Amino acid sequence: MIQPLAGRAIVIAGPTASGKSQLASALAERLGGVIINADSMQVYRELSVLTARPQAGELARLPHALYGFVGGEEAYSAGRYGRDAAAAIAAARRAGRVPIVVGGTGLYLRALLQGLSPVPSTDPAVRAHWRQQAQARPARELHALLGARDPIMAARLQPSDPQRIVRALEVFDSTGRSLADWQRRPGRPVLEASDTIPLLVLPPAASHAAAITQRFQRMLAEGALEEVRRLLALGFSAELPIMRALGVAPLAEHLAGRQSLAAAAAAAELATRQYAKRQRTWFRRNMMSWKTYETKEMERTTAEILAFIEP
């Protein structure tokens, strides 16, 4: 049995479309909480509908933090998230509210609960060089360059992940050491285990797949296609994280006339199911000790959790 809340933060993790945001809202309403985002795409200002970010009514009803506050031209990082989350948690506590962190981005949750390795700052000139190279060269070519300099990190990274490849190149050229060497050093968590009530939401696979389909259809009805049209008009680089948000690529293909809306929706739903499967695997491997809930009936789940954490 978990001890009473006693000033601790609640952390709710789960795959996309699992109902965790609805659960966070229910707990925040009951406990007087601030909902703090831990989703890497919900930080971006330009994507609201397609990332299922809390909408105006929900934002007005309950206090939220770290939602829609970063421009899509930025490559927001887990290191920056750790600092921003620490500030949001401290602000919630100063206001006498319960911090309720909710999200499904594993690296953000790791930054929060385990800390990230203390990698030194990279040389600005080196950083500028590799950012320019990322604009001029395909990701696979950058990956080959990394392999020649730092084969250990190259083996860890996908050739299609330019953001992490460039980060590894920057660190190696700035410090003369592999990012893998720096990552072996322990980090400092934002939240200690004793200050945290960790909850994991893992819905049944069949109902989860149906929820993903229903949610994407709802996104289309709420304007996801127009949101992607506006995003494309901004001319962001395809290598930026925001352009890899689930649903952006297939809807962009539809807007370019290369596939029907039905085909684009099917592709987006499939990609989301595949992503959710990877999330479930990661959570099961890394969060075995967390109290786990299915969210088939939200009211019952909320009641069970409240009974679990309240005095």
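The values are calculated or read from the model by the stated rules, or taken from the named source; none is laboratory data. All values derive from a computational prediction rather than experimental measurement. Cβ: placed from backbone, ideal geometry, glycine included. Neighbour counts: every protein chain shown.
Here are the numbers for this structure:
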quantity: Filtered residues of segment 75-94 (kept if hydrophobic (A, V, I, L, M, F, W, C) and modelled with pLDDT of 95 or more); calculated: 85, 86, 87, 88, 89, 90, 91, 92
quantity: Failed criterion for residue 174 (all others in (1) under 24 Å from residue 135 (Cα atoms); (2) modelled with pLDDT of 95 or more hold); calculated: (2)
quantity: Residue ranges of helices (runs of 4 or more DSSP H) in segment 85-149 with at least 3 members in contact with a Phe, Trp or Tyr (Cβ under 8 Å, 6 or more places away or on another chain) and assigned by TED's automatic domain parsing to the domain that holds residue 75; calculated: 106-113
quantity: Residue 161, sole failed condition from (1) surrounded by fewer than 16 Cβ atoms within 10 Å (Cβ to Cβ); (2) among the charged types (D, E, K, R); (3) not assigned by TED's automatic domain parsing to the domain that holds residue 264; calculated: (1)
quantity: Index of the failed condition, residue 6 passing every other in (1) within 23 Å of residue 212 (Cβ to Cβ); (2) assigned to a loop (DSSP other than H, G, I, E, B); calculated: (1)
quantity: Criterion (touching a helix residue (DSSP H, G or I) at 6+ places or on another chain (Cβ under 6 Å), touching a residue at least 24 places away in the same chain (Cβ under 8 Å) and either exposed (fewer than 14 other Cβ atoms within 10 Å of the Cβ) or not polar (S, T, N, Q) (or both)) met by exactly one of 118, 204, 198, 189; calculated: 189
quantity: Filter pass, residue 171 being in contact with a Ser or Thr (Cβ under 7 Å, 6 or more places away or on another chain) and in the same structural domain as residue 243 (by TED's automatic domain parsing); calculated: no
quantity: Test result for residue 215, under 21 Å from the mean Cα position of the chain (by Cα), without any contact (Cβ under 8 Å) to a residue 12 or more places away in the chain and closer than 28 Å to residue 12 by Cα; calculated: no
quantity: From the options 285, 258, residue that is under 20 Å from residue 204 (Cβ atoms), surrounded by fewer than 16 Cβ atoms within 10 Å (Cβ to Cβ) and either of a type outside the set (Phe, Trp, Tyr) or modelled with pLDDT of 95 or more (or both); calculated: 285
quantity: Of all residues in segment 230-242 being in contact (Cβ under 8 Å) with a residue 60 or more places away in the chain and of a type in the set (A, V, I, L, M), the one that is surrounded by the fewest Cβ atoms within 10 Å (Cβ to Cβ); calculated: 234
quantity: From 253, 227, 294, residue being out of contact with any Lys or Arg (no Cβ under 8 Å at 6 or more places or on another chain) and buried (at least 19 other Cβ atoms within 10 Å of the Cβ); calculated: 227
quantity: Qualifying position, being of a type in the set (Phe, Trp, Tyr) and within 24 Å of residue 290 (Cβ to Cβ), among 81, 44, 76; calculated: 81
